[in-house]
Amino acid sequence: MSSFDPARIAIPCAHFIDGRRVVDKGELATVRPSDGATYAELPIADAGVLDDAVGSARKAFLRSEWARQAPRERARIMRRWADLIEADVDYLASLEALGSTRPIDQARAWDVPYTAEGIRFFAEFADKHGGEVAATAHDHLGMQIAEPLGVIGAIAPWNFPLSMTCWKVAPALAAGNTVVLKPSEMTPFTAVRLAELAIEAGMPAGVFNVIQGSGPITGDALCRHPEIAKVTFTGSTATGRAIMGACAETGPKPVTLELGGKSPQLVFADIPDIDRTAQTLAAAITGNAGQVCVAGSRLLIQKPLLESMIERLAASFGTLTPGLTWQEGSRFSPIISSVQLERIESIVARAREAGAELLTGGERFESGLGGCFYRPTILHVNNRHNPAVDEEIFGPVLTIQTFEDEEEALALAEHEVYGLASGIHTADLGRALRAVRKLSAGTVWVNRYGRSNDYILPTGGYKRSGIGRDLGRAAFEANLHHKSVLIDLNP
Ligand code: NDP
């Protein structure tokens, strides 16, 4: 049984600094998305708390063994950390499900194990990289030595609190950096538990710190702190721009930004199995109720398939019903907050005013549970520019546009602002590979949509969907810089 009683879950309502919880005055109401109840009062890190956290990370960077010890030892501690996370699945999954949009079954089966395995993946890079010996004249020896950057400021979003924390934090730690993380004020608690387990695994105090607070105040102050060497962030393009500005004004400091998307899925009439493709399309927009940066939110479909695909998608959408995230069997996620729900409603309303035809959904799911749910929605759009096509909705809202041929499909796929991911569904390999070359997107999925449980392929954006990459070797290397050394062999 994975259902649990939310009243029985202990909430680690604190910052985590220098190896211990720091309890502070509660100031921000933390709300359960699936029933709207306030379940904790979150502290806000003031300038003193921020200084303590960054100071502790700086001290750990300079004085603890973390950056200096044999990297294999760092990897061993991270692997042990991953083991402890897996062993703590009951509590971690419950805490995640309680305060976020992740249903308990999914949190247990995916979020917790995926986070642990992601930590193992990055741990393996710790002792599998080095510098280079450079081509110089023979009376010199030139070397490049890879070194960690220092204290990394990490800002994680609310849509997958555990796994996004892993993406931000694990490569930075594996490279020998120390970290101050600010989780979203909406999903602040599982990060504290992760930090506690890191200490239990043997990570020195101060290597991984967590501060609580709101984005525009605490997050901004973290980015501006003079001891922060780099910021890694996942969230909206607007906030990414603000963070880059803060890092430019107080640095410049490097940034990794994983930002918004409006990802197209191109479906050609030659697909061999329309039921299978329909299932893939439905999952790509209803998973986590569409609150996924790579949600497949724009369906571009060849005209002959339009009616039969709409029929299948509407039937699949109709099977989803709201459920409390702590109840076994709940599959359909709530919307994270009433602000986000209103945002979805506003874009759908503007889309309809601009001519989009509502085919299904288009309203709140009145669940009687008290939380925020939105019905899976399909909008048929004829004109190229419509608010539902232009703007990231971050909800279970799919737009459908039709095309005649490959050329028109590729033209419609191009988005002026975003280039995070795209999908192509066709039996024609040549067409798929032509599309791979032409689509402006950091990831292209062919005859599937979504990542596998491998971590090796980097993810990130073209255009304004981001700078730099999460996952893969690229994410690890973005946490290092290189020192050039030139030695005179005949002094
Ligand atoms: P934001 O991008 O504003 O928030 C993401 C993270 O950034 C949160 O931890 C937030 O903290 C923090 N943050 C906010 N402002 C600042 C700032 N000035 N400096 C530093 N950190 C900051 O997204 P929202 O939650 O407001 O959602 C708005 C839209 O963003 C969504 O509708 C969606 O389109 C997009 N989004 C995209 C995500 C993705 O995975 N690419 C994830 C989340 C949102 P806090 O929550 O405490 O304010």
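What follows draws every value from the coordinates through simple rules; no lab data is involved. A quick note: this is a predicted structure, and the numbers were derived from the prediction, not measured. Because the Cβ atoms are built from the backbone with ideal geometry, glycine has one as well, and the counts that use them run over all protein chains shown.
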Fraction of beta bridges assigned by DSSP in segment 264-453 that are antiparallel (%, nearest 5):
15 percent
Listed residue (L341, L259, L412) projecting farthest to the positive dipole end of the chain, Cβ model:
L259
How compact is segment 414-491 by the rule of thumb for globular proteins, expressed as Cα Rg over 2.2 N^0.38 Å?
1.59
Go through segment 1-66 and name the GluC sites (Glu not before Pro) that are in a DSSP coil and have 13 or fewer other Cβ atoms within 10 Å of their Cβ.
E65
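If you place +1 on the Cβ of every Lys and Arg, -1 on the Cβ of every Asp and Glu, and leave all else neutral, what size is the dipole of the chain about its Cα centre, to the nearest 20 Debye?
Here the chain has a charge dipole of around 640 debye.
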Sequence-separation-based contact order of segment 185-280, relative, with Cα cut under 8 Å and 6+ spacing, percent
21 percent
All alpha-carbon distances of the chain, grouped into 10 Å bins from 0, give the whole-percent distribution 4, 20, 28, 25, 15, 6, 1, 0, 0
Between E124 and E414, the two model label points (7 Å from Cα along the beta-carbon direction) sit apart by a distance in nm of 3.9 nm
For the pair S346 and H138, how long in nm is the line joining their label points, each one 7 Å along Cα→Cβ?
7.1 nm
What is the Cα centroid distance between segment 3-33 and segment 45-82, reported in whole angstrom?
22 Å
Counting other Cβ atoms within 10 Å, which GluC sites (Glu not before Pro) in segment 329-365 have at most 13 and lie in a DSSP loop?
E363
Considering only DSSP beta bridges where both residues belong to segment 90-194, give the percentage that are antiparallel (nearest 5).
40 percent
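If the viscosity is 0.692 mPa s and the temperature 37 °C, what Stokes-Einstein diffusion coefficient in µm²/s follows for segment 218-280 when Rh is the Kirkwood radius over Cα pairs?
Translational D for this selection: 230 µm²/s.
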Kirkwood hydrodynamic radius, segment 265-418, all distinct C-alpha pairs: what's the number in Å?
15.8 Å
Determine the relative contact order of segment 5-159: mean sequence separation of Cα pairs under 8 Å and six or more apart, normalised by residue count, in whole percent.
19 percent
What range in the chain is the longest one free of trypsin sites (Lys or Arg not before Pro) that are in a loop by DSSP and have at most 16 other Cβ atoms within 10 angstrom?
129-330
Hey, what did the chain get for relative contact order, percent, Cα under 8 Å, at least 6 apart?
19 percent
Which of rounded, prolate or oblate describes segment 1-43 when judged by the alpha-carbon gyration tensor and an a/c cut-off of 1.5?
oblate
